[in-house]
Amino acid sequence: MTDERIARYIEAAEHLRQGIYDVEIPVAPTDDVGRLGEALQALAHELDRRRAELQKLDQITARINAGLLLDDILDNVYEDFRSLIPYNRIGFSLIDETGGTVTARWARSDQPEIHLTRGYSAPLAGSSLQQIIETGEPRIINDLVAYLQAKPQSESTRLIVAEGMRSSLTCPLIVNGYPVGFMFFSSIHAGAYSEVHVDIFKRIARQLSVIVDKGYLVSELASRQAAIEAKNQELQRLNELKNSFLGMAAHDLRNPLSSIQLIASVLRDRTFPLSEEERTSLLDDIVKQTQHMVALLDDLLDVSRIEAGKLELRYSTLNVADFARQIVERQAQLATSKGTVVTLRRVDEGTLVADPTRLRQILDNLISNAVKYSPPGSTVWVDVCVERGGWRFAVQDQGPGITPEDRDRLFTEFGRLSARPTGGEKSFGLGLAITRRMVEAHGGLIDVDSTPGQGATFWVWLPAQPPT
Ligand SMILES: Nc1ncnc2c1ncn2[C@@H]1O[C@H](COP(=O)(O)OP(=O)(O)OP(=O)(O)O)[C@@H](O)[C@H]1O
Ligand SMILES: [Mg+2]
């Protein structure tokens, strides 16, 4: 008599063949036929488990393929791996083109703090990662604390232990035979990894490596795109600057030109009764207005020269004290009409390599601003000191100071701000923008210290030797 269980087993095996794994198999391992049923049942479970695993791997591959940027790809796979490999953190690093260094590109963790972040890099040579590359085999460390005790020089291990990680699985990513990077799985539990996880990783490693490489390329493209974008914005800014030049030149040149025109027609009209003093005063006016126009045109030319990258510095060695005295003397003379005193409070002895014309322009701008924006009759102090391998020029005034809102626009073109000239002087809003560029061309720094209402100290620091 045939055992009816055999018929059930044949039916179950047929189901399994068709890919239906949740089959009912009567299990009573009391005899050989029963034990056969048990084995069949175990086979069905294993097949079902593998099916689920394959499905998950397929899903990961599909997600990886859908991502474009490397970071998106990794964000996508972060959750997906979880049912296959245990972890509380995944890190991902790339090997640079020369193969010399490994740089952390991406990391995600369930833990509150991440210490080993993007940008962390270390040489590959001599590191334990190099061995992983050479063998091509993933490495398991199931007790990171003990590992760190044995290898206290391993900075990256120290960082992930500080994040709370206790075991790790490090997997090489290899494209066309070349190592491109690593994937680090780590867990807050010691002993989290076994060969099973290595096998699982190997099954998707090839796919992952290729995709990572592709993602890497796309990231590169994206950063090039960003550079082009930045260049475009720069061009747009230059175009706007050019337009404001035109508007500004039209406005600031028109007024003096029309007053010169008016004066000239008065002078030409011989029937107009004019005393000798009146005639001289009108001619003086023309001279003053033309000086303004020439100054403005010079400034505009400087700006466009700087913007076109055509500012050429002619360096020479200057005796700083003599140079500063000359400039302060001239500015002090100009300030007398306003009753303002300009004094050289301190000057150190020594030399500086700089472009004298441009340095004069820098100091003239700062001192004339101090005079222009301070109340008549106040004092402007100039200090010139040796500082940190260079020279610091500071101009302190008793004017209104710089408000926090004005600060950001202070050194930009046409930044005419809340402080207005106190003696009817012209204000083009170009001086500090030009000054900043000249200082930067010398490899120096410019800034202002100020408490609003209590004056300002504009300072420039120049290196004793210009950059080569
Ligand atoms: N010492 C200062 N104290 C207070 N405000 C100042 C001082 N120096 C400059 N500013 C403010 O910064 C603005 C920009 O100064 P900047 O020297 O660039 O242009 P400007 O003096 O207006 O014109 P110019 O092109 O003739 O120098 C000024 O309009 C003024 O509002
Ligand atoms: Mg100025």
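Examine the range 187-195 for a residue that is out of contact with any Leu (no Cβ under 8 Å at 6 or more places or on another chain), open to solvent by 30 Å² or more (accessible area, probe 1.4 Å), in a helix (DSSP H, G or I) and assigned by TED's automatic domain parsing to the domain that holds LEU173, and state whether such a residue exists. Looking through the range 187-195, at least one residue is out of contact with any Leu (no Cβ under 8 Å at 6 or more places or on another chain), open to solvent by 30 Å² or more (accessible area, probe 1.4 Å), in a helix (DSSP H, G or I) and assigned by TED's automatic domain parsing to the domain that holds LEU173. Answer yes or no as to whether GLU46 is at pLDDT 80 or above and either more than 24 Å from ASP3 (Cα to Cα) or aliphatic (A, V, I, L, M) (or both). Yes. Here VAL145 qualifies as β-branched (Val, Ile, Thr), assigned by TED's automatic domain parsing to the domain that holds ARG206 and assigned to a helix (DSSP H, G or I). The numbered conditions (1) at pLDDT 95 or above; (2) open to solvent by 30 Å² or more (accessible area, probe 1.4 Å); (3) over 20 Å from ALA332 (Cβ atoms) are all true for VAL353 except (2). Close contacts from the range 219-246, counting a first residue that is more than 26 Å from ASP71 (Cβ to Cβ) and a second that is assigned to a helix (DSSP H, G or I) and open to solvent by less than 100 Å² (accessible area, probe 1.4 Å), with Cβ to Cβ under 8 Å and a gap of 6+ residues or different chains, come to LEU238/GLU307; LEU241/VAL303; LEU241/GLU307; PHE245/LEU300; PHE245/VAL303; PHE245/SER304. Taking the range 389-442 as the search range and keeping residues that are on the phi > 0 side of the Ramachandran plot, surrounded by 15 or more Cβ atoms within 10 Å (Cβ to Cβ) and more than 11 Å from ligand 2 (Cβ to nearest atom), which one is modelled with the highest pLDDT? Only one residue tops the list, namely GLY401. Given the residues ILE73, ILE60, ILE25, ILE64, which is the only one that is at pLDDT below 80, surrounded by 16 or more Cβ atoms within 10 Å (Cβ to Cβ) and not in a helix (DSSP H, G or I)? Going through ILE73, ILE60, ILE25, ILE64 in turn, just one is at pLDDT below 80, surrounded by 16 or more Cβ atoms within 10 Å (Cβ to Cβ) and not in a helix (DSSP H, G or I): ILE25.
Quick grid of which residues meet (1) charged (D, E, K, R); (2) more than 15 Å from LEU430 (Cα to Cα); (3) in contact (Cβ under 8 Å) with a residue 60 or more places away in the chain; (4) surrounded by 13 or more Cβ atoms within 10 Å (Cβ to Cβ):
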| residue | (1), (2), (3), (4) |
| --- | --- |
| ALA249 | no, no, no, yes |
| ARG254 | yes, yes, no, no |
| LEU274 | no, yes, no, yes |
| HIS292 | no, no, yes, yes |
| LEU296 | no, no, yes, yes |
| ARG305 | yes, no, no, yes |
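Every test in (1) more than 14 Å from ligand 2 (Cβ to nearest atom); (2) touching a residue at least 24 places away in the same chain (Cβ under 8 Å); (3) within 20 Å of THR435 (Cα to Cα); (4) not aromatic (Phe, Trp, Tyr) is passed by GLN326 save one, and that test is (2).
Among the residues of the range 76-106, the one identified as in a strand (DSSP E or B), open to solvent by 20 Å² or more (accessible area, probe 1.4 Å) and in contact (Cβ under 8 Å) with a residue 40 or more places away in the chain is ARG105. Just the residues that are touching a helix residue (DSSP H, G or I) at 6+ places or on another chain (Cβ under 7 Å) and either of a type outside the set (A, V, I, L, M) or assigned by TED's automatic domain parsing to the domain that holds VAL294 (or both), please, taken from the range 416-450. Correct list: SER418, PRO421, THR422, GLY423, GLU425, LYS426, PHE428, GLY431, THR435, ARG437. Residues being open to solvent by 50 Å² or more (accessible area, probe 1.4 Å), assigned by TED's automatic domain parsing to the domain that holds ASP383 and in contact with an Asp or Glu (Cβ under 8 Å, 6 or more places away or on another chain) are represented in the range 341-350 by at least one member. The condition of being more than 18 Å from THR412 (Cα to Cα) and either assigned by TED's automatic domain parsing to the domain that holds LEU432 or assigned to a helix (DSSP H, G or I) (or both) holds for only one of LEU301, LEU297, LEU283, that being LEU283.
The values are calculated or read from the model by the stated rules, or taken from the named source; none is laboratory data. All of these numbers come straight from a predicted model, not from anything done at the bench. All Cβ positions, even for glycine, are placed from backbone atoms using ideal geometry, and neighbour counts span all protein chains on display. SASA here: full protein model, heavy atoms, side chains in, ligands and nucleic acids out. Shrake-Rupley method; radii C 1.70, N 1.55, O 1.52, S 1.80 Å.
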